[in-house]
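The values are calculated or read from the model by the stated rules, or taken from the named source; none is laboratory data. Nothing here was measured: the structure is a model prediction, and the numbers come from that model. Cβ placement follows ideal geometry from the backbone for every residue including glycine, while neighbour counts extend to all protein chains displayed.
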Amino acid sequence: MSRVNWKQVHDEDFRVPEGLPLADLTEELTVMLGDVDPERRDGTAYPTLATWISRGVYDDLLPGLGDGMVTGLGVGLGERDTDSVFRRAFSVLVLAECIARDNSRPLVLGGKVLQWGDAIATWVLREQDLRGWVDGKGWAHAVAHGADALAALAASPHLGHAELTVVLDVVADRLLLPVDQPLVHGEADRLVGTTMAVLRRGSVPLTVVEPWLNRVAAGASAHARASGRDPFLPTNTAQAFLRSLYLQLALGSRPPLVRADVMLVLVGLLRETNPAFRHP
């Protein structure tokens with residue numbers, strides 16, 4: 001039984017409980033990241049850890065905390081439709097908070113952040129449980145959470161042109177991986193968020209972005225649809241991504257320097273991949 005009244009912690013604006021070792025509190029919260037009760041997982045464990053990270057509670061311990069979250073990415077990896085997905089999907093969110101804290105003030109060596117980035121990228125592409133909302137248990141949302149972590153990583157000063165290009169490649173790889181069910185819980189939008197974070201850095205030129213977009217568009221085209229199955233399933237995520245990227249570039253704040261050029265490329269690709277809309 002917990003020695004902490006976590007509801008009271010929440011109600012008191014996440015004040016760190018006195019008289020208990022931070023290590024013990026962290027261990028309990030880490031276990032709660034995998035709880036099937038969304039109130040304990042979404043409502044308590046994640047916001048508590050995220051708030052403490054942002055307030056500097058873990059500043060001297062950030063490398064170890066991040067490494068612990070990397071360990072969480074491997075818990076049950078490869079399973080489908082099991083409760084282990086919650087530990088993985090919420091560990092990556094906490095890892096994103098660790099990276100975001102380092103982005104705001106240097107606390108972690110660049111090599112460590114790159115190690116975390118490798119772990120995130122590997123997990124995003126290996127994760128097999130792609131459920132978004134799980135009835136009775138709330139959000140799993142592994143792909144969306146992975147996209148958020150990649151976006152935090154893309155904002156890291158430890159990443160240069162080469163590493164940011166790898167982030168784009170991970171986004172494309174995830175978009176083009178075959179799925180058994182369509183991703184309908186905003187995953188494409190969140191992967192666009194990752195892409196926008198890369199583009200805003202201004203170090204990946206259009207000469208890299210354009211062929212990368214062409215690769216995504218190849219997976220969004222009608223000819224990519226497999227016969228004998230749902231014709232939209234293989235193209236759904238990539239097509240949703242292209243549309244969302246256009247929308248976010250058109251309406252979003254803090255547009256990247258390549259905004260106009262990328263939008264021109266996108267218009268051409270959307271025309272090519274949506275031929276039905278070109279006819280009266």
**OP:** Identify, from the list Leu245, Leu233, the residue that is within 19 Å of Ala188 (Cα to Cα), assigned to a helix (DSSP H, G or I) and out of contact with any Gly (no Cβ under 6 Å at 6 or more places or on another chain).
**Re:** Leu245
Subject >> Residues of the range 41-57 that turn out to be free of Cβ contacts under 8 Å to residues at least 60 places away in the same chain and basic (Lys, Arg), as a count >> reply: 1
Original post:
Restricted to the range 181-216, and to residues that are part of a loop (DSSP other than H, G, I, E, B) and touching a Lys or Arg at 6+ places or on another chain (Cβ under 9 Å), which residue is surrounded by the most Cβ atoms within 10 Å (Cβ to Cβ)?
Top reply: His185
**OP:** Scan the range 21-66 for residues that are outside any helix (DSSP H, G or I), closer than 20 Å to Val108 by Cβ and of a type in the set (A, V, I, L, M) and jot them down.
**Re:** Val57
Original post:
Inside the range 1-53, can you point out the residues that are among the acidic types (Asp, Glu) and in contact with a Gly (Cβ under 7 Å, 6 or more places away or on another chain)?
Top reply: Asp42
**OP:** For the range 106-163, name all the residues that are of a type in the set (Lys, Arg) and under 26 Å from Gly43 (Cβ atoms).
**Re:** Arg131, Lys137
Subject >> Number of the condition not met by Glu18 [criteria: (1) part of a helix (DSSP H, G or I); (2) surrounded by fewer than 17 Cβ atoms within 10 Å (Cβ to Cβ); (3) not basic (Lys, Arg)] >> reply: (1)
Original post:
Condition test on Gly76, is it on the phi > 0 side of the Ramachandran plot, touching a helix residue (DSSP H, G or I) at 6+ places or on another chain (Cβ under 9 Å) and modelled with pLDDT of 95 or more?
Top reply: yes
Original post:
Restricting the range 20-40 to residues that are in contact (Cβ under 8 Å) with a residue 60 or more places away in the chain and of a type in the set (A, V, I, L, M, F, W, C), which is nearest to Asp102 (Cα to Cα)?
Top reply: Leu33
Original post:
Name the pairs whose Cβ atoms lie under 8 Å apart, with the first residue in the range 228-252 and under 13 Å from Leu213 (Cβ atoms) and outside the structural domain of Leu266 (by TED's automatic domain parsing), the second buried (at least 18 other Cβ atoms within 10 Å of the Cβ) and hydroxyl-bearing (Ser, Thr, Tyr), and 6 or more positions between them or separate chains?
Top reply: none
Original post:
Condition test on Arg126, is it closer than 19 Å to Asp189 by Cα and of a type in the set (Lys, Arg)?
Top reply: no
